[in-house]
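The values are calculated or read from the model by the stated rules, or taken from the named source; none is laboratory data. Predicted model only: the values in this text are computed from it and were never measured. Cβ placement follows ideal geometry from the backbone for every residue including glycine, while neighbour counts extend to all protein chains displayed.
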Amino acid sequence: MGDMQQPKPISEYPLGRDLHASARLYLQHLFWNIRLGYLLHPAISRNVTPQIRIADIGTGNALWLLELSRDLPSDAQLVGYDISSAQFPNEESLPPQVRLELLDILSDELPKELLGTFDVVHVRALVLVVQAGDPRTILSNSCALLSMSRKRDFSSITRSHRELGFSLQNGLEYLCVSTVRYSLIFRFLYRLTDPTEPGGYLQWDEADMSAFQSLVLSSKATNAASSRLVQHELQYLRACGFQNEYVLPSATKKQRSLAFYLSLCFWVKHLPDYFSSSSELELIAGSRLPKCNVSQKLETDNHLMALEDFLPGIAAHVARVEEREIVDIRDALETTLKSAIEEAGKGVALQMDWYTCVGRKV
Ligand SMILES: C[S@@+](CC[C@H](N)C(=O)[O-])C[C@H]1O[C@@H](n2cnc3c(N)ncnc32)[C@H](O)[C@@H]1O
């Protein structure tokens, strides 16, 4: 078995955190806002309570939390976690509801005092943090932060209402397990009278790079360099340590031949399945976002800027591979990127797929 098949941990996050990288992340937030049209998924926002506690994992510049804080009650508590504080805004300029802290979401042992304490956990754009093409560590650690399901508090309602509720529930339980077992409306009514209240929500928004395409939008444009970009990007990521040949059992023959590429991001399109198959979560919503022409140029610029962010990082990885190899990778990426930027100016768009998933802790 060759070296390429040994899963290796990634010791360093491959994107930079300098001024350019910071600006790119702000641009990316604008992109997500346009694509989603919300910060919190509607299934979550309709359940906001005055003292809601929200965690944002891999928060970066914390803009998602900062923007959200403006729509939330003053008693809400919003905490951004990241492995690095390099992109955190100045602590003294944060709104009173927002706090930013260091946390490694891949850790085997999260701090005990955080477990079960959040009503909402938000994860966004961690495709380069997920290890070995398997998001389950981040999924289960995020779930561990969520509040547990608990018994509903019926103490404030009168005895007659309580009895009515229980009889209704018994009746619905009978209906649910018999003839109309799969009827959504009965499931919904049953949930309303269920004495157990589910726990907190997990929202995960992610990019699927495996769906990368370069589109020629103008008769004056060609996409020779743009279509080579992903290849160079992958060579670089390999050099960084993304060397896992993890392939899902369901992968087709063609997908297997692209094992390395898929190992990075094949999981994204299966994120709803990961939510559904987790014993800790009930999938509430999970979808690929529809194509969007409005944000096409923004997405293209953001992708090109992300590739530019890889370049300075290459030097830091020289020690991991033959120096000649890394220099070649950098040169090839730099040359192709330069031409791709020109192609984009003439009418080439770069696009990927984008997913969002919401689950509730059971
Ligand atoms: C592409 S940025 C996304 C930032 C933010 N979620 C957003 O959507 O703008 C990925 C972030 O994950 C952070 N990160 C990398 N490894 C991490 C880890 N093991 N635990 C927590 N955060 C991590 C990086 O520092 C970076 O801020």
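Miscellaneous remarks
- Given (1) modelled with pLDDT of 95 or more; (2) within 16 Å of the ligand (Cβ to nearest atom); (3) not β-branched (Val, Ile, Thr), number of the condition residue 201 does not satisfy: (2)
- Complete set of residues in the range 290-307 that are in contact with a strand residue (DSSP E or B) (Cβ under 8 Å, 6 or more places away or on another chain) and buried (at least 16 other Cβ atoms within 10 Å of the Cβ): 299, 300, 303, 304
- Qualifying residues in the range 89-105 (those that are among the hydrophobic types (A, V, I, L, M, F, W, C) and surrounded by 14 or more Cβ atoms within 10 Å (Cβ to Cβ)) - the one farthest from the ligand (Cβ to nearest atom): 94
- Residue satisfying all of: in the range 126-151; buried (at least 20 other Cβ atoms within 10 Å of the Cβ) and either on the phi > 0 side of the Ramachandran plot or of a type in the set (Ser, Thr, Tyr) (or both); farthest from the ligand (Cβ to nearest atom) among these: 133
- Of the criteria (1) over 26 Å from residue 139 (Cα atoms); (2) modelled with pLDDT of 90 or more; (3) assigned to a helix (DSSP H, G or I), which one residue 268 fails: (1)
- If the condition is being within 10 Å of the ligand (Cβ to nearest atom) and of a type outside the set (Phe, Trp, Tyr), then the range 28-43 contributes 28, 29.
- Against the criterion of being of a type outside the set (Val, Ile, Thr), more than 14 Å from the ligand (Cβ to nearest atom) and touching an Asp or Glu at 6+ places or on another chain (Cβ under 8 Å), residue 50 qualifies.
- Scoring residue 251 on the criteria (1) outside any helix (DSSP H, G or I); (2) of a type in the set (A, V, I, L, M, F, W, C); (3) modelled with pLDDT of 60 or more leaves a single failure, condition (3).
- Of all residue pairs spaced 6 or more apart or on separate chains, none has beta-carbon atoms under 8 Å together with a first member in the range 81-108 that is outside the structural domain of residue 125 (by TED's automatic domain parsing) and closer than 20 Å to residue 68 by Cα and a second member that is β-branched (Val, Ile, Thr) and near the ligand (Cβ under 9 Å from one of its atoms).
- Restricting attention to the range 95-136, the residues that are more than 24 Å from residue 17 (Cα to Cα), modelled with pLDDT of 95 or more and not acidic (Asp, Glu) total 11.
- Failed item in (1) within 30 Å of residue 288 (Cα to Cα); (2) among the β-branched types (Val, Ile, Thr); (3) buried (at least 19 other Cβ atoms within 10 Å of the Cβ), with residue 362 passing the rest: (3)
- Failed condition for residue 59, given (1) near the ligand (Cβ under 10 Å from one of its atoms); (2) of a type outside the set (D, E, K, R); (3) part of a loop (DSSP other than H, G, I, E, B); (4) surrounded by fewer than 16 Cβ atoms within 10 Å (Cβ to Cβ): (4)
Residues are listed down the side, and each one gets a yes or a no for (1) surrounded by fewer than 21 Cβ atoms within 10 Å (Cβ to Cβ); (2) more than 8 Å from the ligand (Cβ to nearest atom):
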site: 67; (1), (2): yes, yes
site: 75; (1), (2): yes, yes
site: 78; (1), (2): no, yes
site: 87; (1), (2): yes, no
site: 107; (1), (2): yes, no
